[in-house]
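Structure record follows, encoded as structure tokens.
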Amino acid sequence: MASVIEKTIRKTVTSGILGVAKVSAALKSREGDHPYLTGIHKPMAEELTLTELEVEGSIPAELDGRYLRIGPNPVAEVNPATHHWFIGDGMAHGLKIGGGKALWYRNRWIRSEAVSKALGEPPAPSPHGRERGTANTNIVGIGGRTWAIIEAGNSPVELSEELETLSINPFDGSLQNSYTAHPHLDPATGESHAICYRGDVQDTVWHTVLDSAGKVIREEPITVAHGPSIHDCQITENYVIVLDLPVTFSMKTLMGGHPFPYRWNPEHRARVGLMPRTGTNADMHWFDVEPCYVFHPANAFETEDGSVIIDVVAHDKMFDDGHDGPDGSRSAFERWTLPAGGTKVQRTVVDGEMQEFPRYDERRTCKPYRYAYCMAAENPHDIPGLIADTRLFKHDLDAGTREVHDFGPHRHPGEFVFVPRGDGEDEGWLVGLVIDMTDDTTELAILDAANFTAPPVGTVRLPHRIPPGFHGNWVAG
Ligand SMILES: [Fe+2]
């Protein structure tokens, strides 16, 4: 009963706060364009199904599956005075590849309640009665099904093979709390691990585990303060790693009419936690770290002396200035060591140039690894957001060297995902989207990871610009 009362109070308070926030938002106005609604970020206005796709070079015959990518793409007009890049309606993009051919491209809005209404459709099924907000941050294959996912509260959304919304679906009702945009599959167990938080709960986050079929088998609470925005996590053979960093829920921001209520908080203790995978909050071991923010780690693993290593892209700050999207803080690729028996994270800069979206051969999750691939994120052209550079990086962590693949002037890559071909760590392809601002088009580029600086082995040309989004994955057929 206590939890019912607590829920009722929370619901009442939250609806009151949201009412004030709505009034504050309605009073806001803005002069000039919103950087995440114009230029390279101008949303797509229609859903396309394209089957006659132009290919340059060749598509490797072994590639059989779908490249899926998702990002924000508001369906209706939004108030530019209060819009934040991270809260836009979700749009999924997909290319089906097989037999050396590009079989189709599709883009579809994720049918949140608002999107269905804007499109004049009945609401998508929601058999478990969960939130009807959008999912815009990651798109993954789990248990042979396709899921659009997001952090902080909205439910996962199940999509068909062809990206139609099937249902708003918290993993067939097995998810009690919220989910994340960043589950990590342990190749040894088939389980997907995540750290999840809720926008309306400030003192708890959860270690959430799915089995290989996509059913939630663990939601273990972890005590935190201030409602930290924990975007991603990593795992090692024995631990889950919790990145509890100083971007936290801000009631003042929400009441001020900004619907993305997370801000840099110097009062919040920056720390990284290790919890045994089957442990509890009582088993947490916390390491202090200098204040910074991490959206995304690369891999993590344990060393022979019991220390834990996690590689991350660390930003000096985040959400300290402005309310439109990520601010212009510096980022670097770093190796963090959590020393056995220690209490402080040891930080080493691997590469001080700005970058984001680190990926690696995910068959090596939890194991020592050699190569990480990052999207460069220097911003010489004053393009807003993270997708402004023309380069990808391949880091050789053993040799301490870096290769650069430059797509050329005005051609902007997003996140590239590694697709294995053989057993070798860089024996495979890197697949991702490149926006060409010279003619407002996009291509799917396929690079040979072992021959990183060579031109793509194949590209699929799309006759339109796909706005920069967040994450993409290869889902094998
Ligand atoms: Fe992310």
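The values are calculated or read from the model by the stated rules, or taken from the named source; none is laboratory data. Model, not experiment: these values are computed from the prediction. Ideal geometry is used to build each Cβ from the backbone, glycine not excepted, and the neighbour counts take in all protein chains shown. Surface accessibility is based on the protein's heavy atoms, side chains included, excluding ligands, DNA and RNA. Shrake-Rupley method; radii C 1.70, N 1.55, O 1.52, S 1.80 Å.
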Residues in the range 119-152 that are on the phi > 0 side of the Ramachandran plot and in contact with a strand residue (DSSP E or B) (Cβ under 7 Å, 6 or more places away or on another chain) total 1
What strands (runs of 3 or more DSSP E) completely inside the range 272-342 contain at least 1 residues that are among the polar types (S, T, N, Q) and within 16 Å of the ligand (Cβ to nearest atom)?
-> 293-302, 331-338
Out of HIS184, HIS268, HIS231, HIS226, which single residue is at positive phi and at pLDDT 95 or above?
-> HIS226
Within the range 61-75, is there a residue that is modelled with pLDDT of 95 or more, within 17 Å of ARG108 (Cβ to Cβ) and of a type in the set (Val, Ile, Thr)?
-> yes
Would you call ASP200 farther than 20 Å from LYS344 by Cβ, modelled with pLDDT of 95 or more and open to solvent by 10 Å² or more (accessible area, probe 1.4 Å)?
-> no
Given the structure, is HIS268 in contact with a Pro (Cβ under 6 Å, 6 or more places away or on another chain), in contact (Cβ under 8 Å) with a residue 40 or more places away in the chain and outside any strand (DSSP E or B)?
-> yes
Specify which of the listed residues (VAL312, VAL289) is in contact with a Pro (Cβ under 6 Å, 6 or more places away or on another chain) and buried (at least 21 other Cβ atoms within 10 Å of the Cβ).
-> VAL312
In the range 95-113, residues that are buried (at least 18 other Cβ atoms within 10 Å of the Cβ) and closer than 30 Å to GLN176 by Cβ total 5
Pick from SER174, SER155, SER178: which is within 16 Å of the ligand (Cβ to nearest atom) and part of a loop (DSSP other than H, G, I, E, B)?
-> SER178
All positions within the range 181-204 that are of a type in the set (A, V, I, L, M, F, W, C), within 21 Å of THR137 (Cα to Cα) and more than 16 Å from the ligand (Cβ to nearest atom) | VAL201
Could you list, in sequence order, the residues of the range 367-389 that are open to solvent by less than 20 Å² (accessible area, probe 1.4 Å) and modelled with pLDDT of 95 or more?
-> TYR369, ALA372, TYR373, CYS374, MET375, ALA376
Would you mention how many residues in the range 327-352 are among the basic types (Lys, Arg) and over 10 Å from ASP311 (Cα atoms)?
-> 2
Looking only at the range 209-234, and only at residues there that are within 16 Å of the ligand (Cβ to nearest atom) and either farther than 12 Å from ALA194 by Cα or assigned to a strand (DSSP E or B) (or both), the one that is farthest from the chain's Cα centre (by Cα) | PRO228
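Matching residues to (1) touching a strand residue (DSSP E or B) at 6+ places or on another chain (Cβ under 6 Å); (2) within 22 Å of GLY458 (Cα to Cα); (3) not small (Gly, Ala, Ser):
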| position | (1), (2), (3) |
| --- | --- |
| ASP389 | yes, yes, yes |
| GLY400 | no, no, no |
| ASP406 | yes, yes, yes |
| VAL419 | yes, yes, yes |
| GLY424 | no, yes, no |
| GLY428 | yes, yes, no |
Is it true that some residue in the range 163-171 is under 26 Å from THR442 (Cβ atoms), open to solvent by 10 Å² or more (accessible area, probe 1.4 Å) and within 16 Å of the ligand (Cβ to nearest atom)?
-> no
Scanning for something within 16 Å of the ligand (Cβ to nearest atom) and in contact with a strand residue (DSSP E or B) (Cβ under 8 Å, 6 or more places away or on another chain), does the range 456-466 turn up at least one residue?
-> no
Identify, please: which residue in the range 111-142 is β-branched (Val, Ile, Thr) and away from the ligand (no atom under 16 Å from the Cβ) and is, among those, nearest to GLY153 (Cα to Cα)?
-> VAL115
Of these, LEU185, LEU210, LEU245, LEU254, which one is in contact with a Pro (Cβ under 7 Å, 6 or more places away or on another chain), in contact (Cβ under 8 Å) with a residue 12 or more places away in the chain and open to solvent by 10 Å² or more (accessible area, probe 1.4 Å)?
-> LEU254
Which listed residue, of ARG69, ARG106, is charged (D, E, K, R) and more than 30 Å from THR248 (Cβ to Cβ) | ARG106
So, of the residues in the range 114-154 that are modelled with pLDDT of 95 or more and in contact with a Pro (Cβ under 6 Å, 6 or more places away or on another chain), which turns out to be surrounded by the most Cβ atoms within 10 Å (Cβ to Cβ)?
-> ASN136
What pairs can you find where one residue is in the range 284-298 and at positive phi, the other is open to solvent by less than 10 Å² (accessible area, probe 1.4 Å) and of a type in the set (D, E, K, R), and their Cβ atoms are less than 7 Å apart, with a gap of 6+ or different chains?
-> none
